[in-house]
Amino acid sequence: MEGAYQHMIDAKGRLFIPSRLREELGDVFYVTLSMEKCLTAYSNESWEQFKEKVRAMPKAKQNKMRPLFSHAAKCDVDGQGRVLLSQALRDFADLKKSVTVVGNGECAEIWDSERWAATDAIETTPDNIASVFMELDF
């Protein structure tokens, strides 16, 4: 998944998912917490693969994944291309009104737009990009 798309969360907590990302995520996908102050959306297929990896872990490591599963939400896209994000998920990522949905390879991320702008400004520098390329042996 790629691209960055700005949208608004409505008063009921519904967020429009861009059609380009909906094509990859599907009509039903999963949203959960992220390692950063944002949410992560996984297609049904990616979510099942993620669960399989967790099942293969020793029980002590599986327990460390508990927050990701306990806060995960199965999202059904409505006829207008929106999903409902629970208050708990919105609170975790501090999502108020303006949101940026960012493609990140195998998943999409849902950010508060101001937080995303700050993160993007830090990450999108020639030095950082060069460092990433070197780390990945490009």
Per-residue ellipticity at 222 nm attributable to helices in the chain (runs of n ≥ 4 DSSP H, -39500 (n - 2.57) apiece, nearest 500 deg cm²/dmol) works out to -11500 deg cm²/dmol
Proxy reagent accessibility, fewest Cβ within 10 Å first, across 96, 59, 51: 59, 96, 51
With viscosity set to 0.890 mPa s and temperature to 25 °C, compute the Stokes-Einstein D of segment 81-138, Rh being the Kirkwood radius across alpha carbon pairs; µm²/s, no decimals. 185 µm²/s
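Can you give the convex hull volume per residue for the Cα atoms of the chain, as a whole number of Å³?
123 Å³
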Estimated FRET transfer efficiency (residue 132, residue 49; beta-carbon r; R0 22 Å; 0.05): 0.35
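FYI, it's all coordinate maths here, none of it is from the lab. If you're wondering where the values come from, they're calculated on a predicted model, not measured in any experiment. Note that each Cβ is placed from the backbone with ideal geometry, even for glycine, and that neighbours are counted across all protein chains shown.
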